[in-house]
Amino acid sequence: MATSERHFILATAGHVDHGKSALVKALTGTDPDRLPEEKARGITIDLGFAHLELSAPAPAEPATVHLGIVDVPGHEDFVKNMVAGVGSIDLALFVVAADDGWMPQSEEHLQILSYLGLRRAVVALMKSDLIEPAREVEAIAGVREALRGSPFADAPVVPTSVLTGRGLPELRAALARVLTVTPPPRDFGKPRLPIDRVFTLRGIGTVVTGTLTGGPLRRGQAVVIQPSGRTARLRSVQSYHHDVAASGPGTRTALNLPDLEAAAAAPAGTAGVRRGEIVTASGLGAPSETLDVLLEKSARLGGATVAAARPLKEGALVRVHHGSGNFPARVCFIPSALRTPPSAPGRSLPTAAVPAEETVSGLAPGQQALAQLRAETPVFAFIGDHFIVRDWAEQTTLAGGVVLDADADRRRLRSENQRRFLERRAAAFDDLTTLLTTQLARDGAVVAATLLLKSHFSVEDISGVLAQLVTSGRAVRAGDWAVDRPFWQGLWDQAAAAIDAAHGAHPERLGLALADLRTLLAPHLPAPELFELLVAALGRNDFAQAGAVIRRAGHRPALPPRLQTDGARIRTALAAKPFEPPPRKALAPDAAAQESLRFLLQTGEAVEVGADVVMLAEHWARAAAVVREFLQARGRATASELRQALGTSRRVIIPLLERLDREGVTAREGDQRVLRPPAGTNG
């Protein structure tokens, strides 16, 4: 049986000096501490990286598990560097010293990983050679107690010593067992690589590294650096020190960007590539300076006296850690009834007793709240992205959260519609159907190709669920647009009511002018082109467009009672002499008669041959046929000859022939008329 390959990312976590880097070196043979200062001080300051290969344990199918390891600092002064390395991991390796037990940074790291939505961990009880067996049992119990109520409550705890080698095989086995039941990182066709290292190599140029998520990046591919929007082409791609044609999700990846300068090497006055930026594919949307989010403050802080336990206040200036970077932002809470903490961290918000109109003034331990983050610089985030909120001084982890709207509008902060939108998303932010229906319900209509562009779902997934919504009658496809069914029905009902009102008010008219209908609907349309799509849809169902007018398909214009006498008189006068009708002034000498004549012209019952000549439509058709037959038989004829053929006067024949000229039936040659050849012939 062939051996498959699976790729995951693991990050260490734990208090300073508990042995994280030593454990990584013992497991992989790679020392993750690469900086001279780290060697001199004996502590990890910045992120370190290593690679470990494991074999899937029986009875699982044979597989090689490639585990990219991110070793993080444990010192409280470098938590910001720790957060930069854990934004896209699949598994945490908690390192707890058996002689020290659970410590402050152990707890802070646990809260950070919980906020980021991580649900799997293995615990290495390090330095187990330093304590007696009885104390080891107590140490394991202490770890279990510390993990109680967290997502990692059932994590394996493996006593380990890098000095004696004790527990290292068992630790590898525990990692392999957990990863065997861990879903592989998803490929949804939207690659993002948050940059955590940038350096320059002589003869090669700028190289960036990071943990790749969302989709593959390929050699030669054009990419965008977000949020700056700079573009580049990937000269080469490496994964675990090997050149590859493409690197996929769940791998540590290095990219050569020869078109760009590293920030440290960029000329003065220019911006180079730096940690915190994101390498991604083009066509995935633009950055935003406003995010609507769900914030959560850990219940584990309840009753604590540490700074992190203080409520997060309205308007607070904070640092938001997202991906491998962080940005300054103001916190603006959104009035909402969703305030009670959920039973599981990072999941749905149930309804609580706080009225919707009440303004949230602060977020206390054990609470969740909807909020808007107003960033001072653009941010490239996706719906469903997790993030960490720390204080401005970077001393305390205050909260965590998830993005609900990656392109929020500051004007909507107090909008009831936006509140409902966010409450529904907060309850199921990882459910595609919920994301689609909330987007359509709020916006009414969205260009289908842009729907949930900045989300953790593929174009195919989105198209498939949208098709299901259309089939079930919850959405409508109108041209390139996806439209919320109730919104579309509302537009339809408005248009139908306006057309019916026009028929009722003016039964003599053909219908409602499209210009008037457009004016009526314009305030409700997300985009002007939706008007034409609505009119086309109306035309396929019970309505008909006639030039610049729209009407009910079954509507037949009728003169109102006050004009029926004038209408009958005009019809009689025009029918008396089909080819010699009375002058227009004689037909309609007053306002009522003129209104009646306009009705006959608008409905097509009569035809305006010239300024002074009006005929019934059937007589106009007969006159045109006589002229055509006469010219077919004779080849050409003068106006006088055609006048005699019709038995009419010069007052009528001249405007009649001029109209036939305009319509392309005849052509004038000198004082004669000939038939114009049909279009497309040589004549």
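Compute the distance in nm between two label points, each set 7 Å from the Cα along the Cα-to-Cβ direction, one at T519 and one at A496.
Rounded to a tenth, the inter-label distance reads 2.5 nm.
Placing unit charges on C-beta atoms (Lys and Arg positive, Asp and Glu negative, everything else neutral), compute the dipole magnitude of region 207-294 about its Cα centre in debye, rounded to 20.
For this selection, approximately 280 debye.
Write down the radius of gyration of region 192-280 and its Dmax, each obtained from C-alpha positions, in Å.
Gyration radius and largest Cα-Cα distance of region 192-280: 11.8, 36 Å.
Count charges around V470 for me, please; just the other residues with Cβ under 10 Å from its Cβ, Lys/Arg as +1, Asp/Glu as -1.
Taking every other residue near V470 into account, the sum is +3.
Could you work out [θ]222 nm for the chain from helices alone, using -39500 (n - 2.57) per DSSP H run of at least four and dividing by all its residues? Round to the nearest 500 deg cm²/dmol.
-9500 deg cm²/dmol, from helical runs alone.
Which peptide among 232-245, 67-80 comes first, and what is the full order, when sorted by highest mean count of other Cβ atoms within 10 Å?
Averaged packing, sorted descending, gives the order 67-80, 232-245.
Can you tell me the 0 to 90 degree angle between the C-alpha axis of helix 104-115 and the longest principal axis of the chain, rounded to 10?
20
When N is the residue count of region 443-558, what does its C-alpha Rg come to as a fraction of 2.2 N^0.38 Å?
Compared with the compact-globule rule of thumb, region 443-558 sits at 1.22.
Using DSSP to call loops (not H, G, I, E or B), can you name the trypsin sites (Lys or Arg not before Pro) in region 462-571 whose Cβ has at most 10 other Cβ atoms within 10 angstrom?
Qualifying residues, ordered by number: R540.
Over the alpha-carbon set of the chain, divide Rg by the Kirkwood Rh and report the Rg/Rh ratio to two decimals.
Result: Rg/Rh = 1.23.
Just tell me which lysines come within less than 19 Å, Cα to Cα, of K80; anything on the same chain fewer than 8 places away is out.
Within the straight-line limit of under 19 Å, K80 reaches these lysines: K20, K297.
Which angle from 0 to 90°, rounded to the nearest 10, does the C-alpha axis of helix 485-505 make with the longest principal axis of the chain?
Helix 485-505 and the main axis of the chain meet at about 20 degrees.
Each label point is 7 Å from the Cα along the Cα-to-Cβ direction; what then is the distance between the points at E669 and S640, in nm?
In this crude spin-label approximation the distance works out to 2.0 nm.
Set the Förster radius R0 to 60 Å, insert the Cβ-Cβ distance between Q564 and S361 as r into 1/(1 + (r/R0)^6), and round the FRET efficiency to 0.05.
0.25
Looking at region 88-191, which trypsin sites (Lys or Arg not before Pro) are DSSP coil and have at most 10 other C-beta atoms within 10 Å of their C-beta?
R148
Provide the FRET efficiency to the nearest 0.05 for the E529-S415 pair, computing r from the beta carbons and using R0 = 22 Å.
0.35
What distance in nm lies between label points placed 7 Å from Cα along the C-beta direction at I45 and E394?
Between I45 and E394, the label points sit 1.3 nm apart.
Provide the descending list of Cα extents for region 4-180 along its principal axes, expressed in whole angstroms.
Computed over the Cα atoms, the extents are 42, 39, 34 Å.
Which angle between 0 and 90 degrees, to the nearest 10, do you get for helix 168-180 versus the longest principal axis of the chain when only C-alpha atoms count?
20
Kindly state, to the nearest 0.05, the FRET efficiency for E629 paired with R477, given R0 = 56 Å and r defined as their beta-carbon distance.
Calculated value: 0.65.
Can you tell me the dipole magnitude for the chain around its Cα centre, using point charges on the Cβ only (Lys, Arg +1; Asp, Glu -1), in Debye to the nearest 20?
2220
Using the charge dipole of the chain (Lys, Arg: +1 at Cβ; Asp, Glu: -1 at Cβ; taken about the Cα centre), state which of F94, T251, S228 has its Cα farthest towards the positive end.
So the residue we want is S228.
Restricting to Cα pairs below 8 Å that are 6+ residues apart, what does the relative contact order work out to for the chain? Please round to a whole percent.
Relative CO of the chain lands at 8 percent.
Region 199-252 to region 546-572: how many Å between their Cα centroids?
First find each Cα centre; the distance between them is then 71 Å.
Please give the length that would be gained between T433 and R662 if that part of the chain were fully extended, namely 0.36 nm times their separation in residues minus their C-alpha to C-alpha distance (nm, one decimal).
Value of the extension gain: 76.7 nm.
Rule-based calculations on the coordinates, nothing more; no lab input. As the structure is a prediction and not an experimental result, all values here were calculated from the model. Cβ coordinates were reconstructed from backbone atoms using ideal geometry, including for glycine residues, and neighbour counts include every protein chain displayed.
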